[in-house]
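Asks: One structure is given below, represented as structure tokens, and several questions about it will come after.
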């Protein structure tokens, strides 16, 4: 059980870094990201870019520190749905750019899968220095013949 605890914490740290660093990079790359979003036809670019920055930082910090980690994971999961469909729409590209966008699309799907594991494995009490309660395994039901 001790190893499982550290795997959950380490997984949350790795997931959080992606969002925290991405959120911080939006500050320095504001102009370029605004242009990319406008090119995708997104309205109210400053509002949505600020919202993305806040969601990534709040959700990432929630995962990192374990405070409301389940809600942070759900927030990031829901955020990634439109982000992935709009910003990585590989089906509208061809050649090398299509391959690149497909990789980003699939990466986001994988991250979304990891985010779904957080509510399944994390009780919000799993924070620095706290030990989780053992997860109860479900009994295996025999198959009917």
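Asks: Would you calculate the separation in nanometres between label points at residue 7 and residue 24, each defined as 7 Å from the Cα along the Cα-to-beta-carbon direction?
Replies: It works out to 2.9 nm between the two label points.
Asks: Further question: Can you show me the helix-derived [θ] at 222 nm for the chain, built from DSSP H runs with n ≥ 4 at -39,500 (n - 2.57) apiece and divided by the number of residues, rounded to the nearest 500.
Replies: My calculation for the chain gives -25000 deg cm²/dmol from helical runs alone.
Asks: Further question on the same structure: Kindly provide the pair-distance distribution of the range 2-121 built from C-alpha pairs, with 5 Å bins from 0 and whole-percent values in order of increasing distance.
Replies: 2, 11, 19, 22, 19, 13, 8, 4, 1, 0
Asks: To the nearest 0.05, what FRET efficiency results for residue 97 and residue 54 with a Förster distance of 30 Å applied to their C-beta separation?
Replies: With R0 = 30 Å, the Cβ-Cβ based efficiency is 0.55.
Asks: What ranking, highest mean first, results for peptides 71-84, 13-26 when packing means the other Cβ atoms within 10 Å averaged over each residue?
Replies: My ranking of the peptides, most packed first, is 71-84, 13-26.
Where a number appears in this text, it was derived from the coordinates with a stated rule and is not lab data. Please read these numbers as outputs of a predicted model, since none were measured by experiment. Please note: Cβ atoms are built from the backbone with ideal geometry, for glycine as well, and neighbour counts cover all protein chains shown.
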